[in-house]
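Shown next, in C-alpha cells, is the structure this report addresses.
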Amino acid sequence: MGKAARDQSVRDRIKAQREEERRRERLRRIVTIAAAAVVTFGVIGAGWWFAAQGSRPEESSGALAPISVAADGSVVMAKPGVNKPVLEVYEDFQCPACRALEETSGSTIKNLAAEGKAKVVYHPITIFPEDMNKGVTRGNSLRAGAAARCIPGGAPWSRFHDQLFKKQPAENTPGFSLEDLVAWGRDAGVTDPGFERCVTGQEKAQAHLAASARILDQAKLKGTPTLKLDGKEVDNEVAFRPAELRQEVVDAAK
C-alpha cells in the first residue's frame, strides 16, 4: 500500500471514529432529555391536574414546630418527642409541581408538624440533568437549594423555603439570582453574618448535588414532588388534597 493510500486509510478511520462519537453524544443527549421530560412533565402534569380539582388549601395556623437542619441537608420540622408518623417531602425549588403542592398542601404539612401530629422531614434536591435547557433550569434549582443550606434552621428557613416557591422563575428562564437569594434570606430573618458569603460563594452547592444524587438513588424517586409517609409513597391524589392528606397522616398515628 502506497503512502497516499495509507494516509487516506488513516483519515477514513479518524472520520469514522468522530462520526461514531457524535452519534453516541446525540444518543446520550436524547436519552437524557427524554428521561428528564418524563420525570419533569409527567409529574408536573399530574401535580397540576390534581391541584386543579377544587381542593381548598388549609389555613395556616401561623405556628411552626421547631426546625433543625441535619448534616445531610434534610430539614426536620417536629415538636419535641414527636418521632412518628414521619412525613417526608421530596421537592425541587425549580419544579412547578412542587410549587403547586406547596400552594395546595404546604400549610397542612406545617400545621401537622406544629400540632404534634407528625414529624415532617423536607428533602430539597435538584433532579434536573446538567445539560437540560442549556443548564438554566438546573442552575436555578442548584442556586436555590445551595442557598437554603446556608440557613441553619428555625423559622427563617421556613420563610425562605416558602419565598423560593413564591418567586419560582418560569421554566427555561434565568432566575434565583444570588443577590435576590441573599435579600430574601434577610427578609426571612436570617441574621448569620456568614449567610451572604455562603450564598454568593455557593459554598453548599457541591454538598447539595451530592445529597441530591444520593437521595435520588436511595429513595427510588420517580420525580418531584414526592411525599412518603413512614416510608410509603403517598399517592398524588392524596398529596394534593389537603383534607385527605391530613386524614392519612392522622390515621398513620393510630
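Taking the conditions (1) within 22 Å of LEU101 (Cβ to Cβ); (2) at pLDDT 95 or above in turn, ARG186 satisfies each one other than (1). The single residue among VAL76, VAL82 that is closer than 18 Å to ASP162 by Cβ, open to solvent by 10 Å² or more (accessible area, probe 1.4 Å) and not in a helix (DSSP H, G or I) turns out to be VAL76.
Which fully enclosed helices (runs of 4 or more DSSP H) of region 191-254 have 3 or more residues being not hydrophobic (A, V, I, L, M, F, W, C)? By residue number, 195-200, 205-218, 242-252. For residues in region 191-237 being hydroxyl-bearing (Ser, Thr, Tyr) and either under 13 Å from the mean Cα position of the chain (by Cα) or surrounded by fewer than 14 Cβ atoms within 10 Å (Cβ to Cβ) (or both), which is nearest to ARG143 (Cα to Cα)? Checked region 191-237; the qualifying residue nearest to ARG143 (Cα to Cα) is SER212. Applying the condition of being open to solvent by 80 Å² or more (accessible area, probe 1.4 Å) and within 23 Å of ARG56 (Cβ to Cβ) to region 244-254 and asking which residue is farthest from the chain's Cα centre (by Cα) yields GLN247.
Residues in region 97-113 that are open to solvent by 20 Å² or more (accessible area, probe 1.4 Å) and either assigned to a loop (DSSP other than H, G, I, E, B) or not basic (Lys, Arg) (or both): 3 in all.
Remark: PHE195 falls outside the filter, which requires a residue to be within 26 Å of GLU115 (Cβ to Cβ) and in contact with a Cys (Cβ under 8 Å, 6 or more places away or on another chain). The C-beta contact set for region 185-203 (first residue over 15 Å from ALA146 (Cβ atoms), second residue open to solvent by less than 10 Å² (accessible area, probe 1.4 Å), distance under 7 angstrom, 6+ apart or interchain) comprises ALA188/PHE160. Of the residues screened, GLU171 is one that is assigned to a loop (DSSP other than H, G, I, E, B) and under 17 Å from the mean Cα position of the chain (by Cα). Exactly one residue out of VAL120, VAL89 is under 14 Å from the mean Cα position of the chain (by Cα), assigned to a strand (DSSP E or B) and modelled with pLDDT of 95 or more, and it is VAL89.
Pairs linking a residue in region 76-88 that is without any contact (Cβ under 8 Å) to a residue 40 or more places away in the chain to a residue that is in a strand (DSSP E or B), with Cβ atoms under 9 Å and 6 or more positions apart or on different chains, are LYS79/LYS119; VAL82/LYS119; ASN83/LYS119.
The values are calculated or read from the model by the stated rules, or taken from the named source; none is laboratory data. Please read these numbers as outputs of a predicted model, since none were measured by experiment. When we count neighbours, we look across all protein chains shown, and the Cβ atoms used for this are built from the backbone with ideal geometry, even at glycine. With ligands, DNA and RNA removed, areas are computed over all heavy atoms of the protein, side chains included. Shrake-Rupley method; radii C 1.70, N 1.55, O 1.52, S 1.80 Å.
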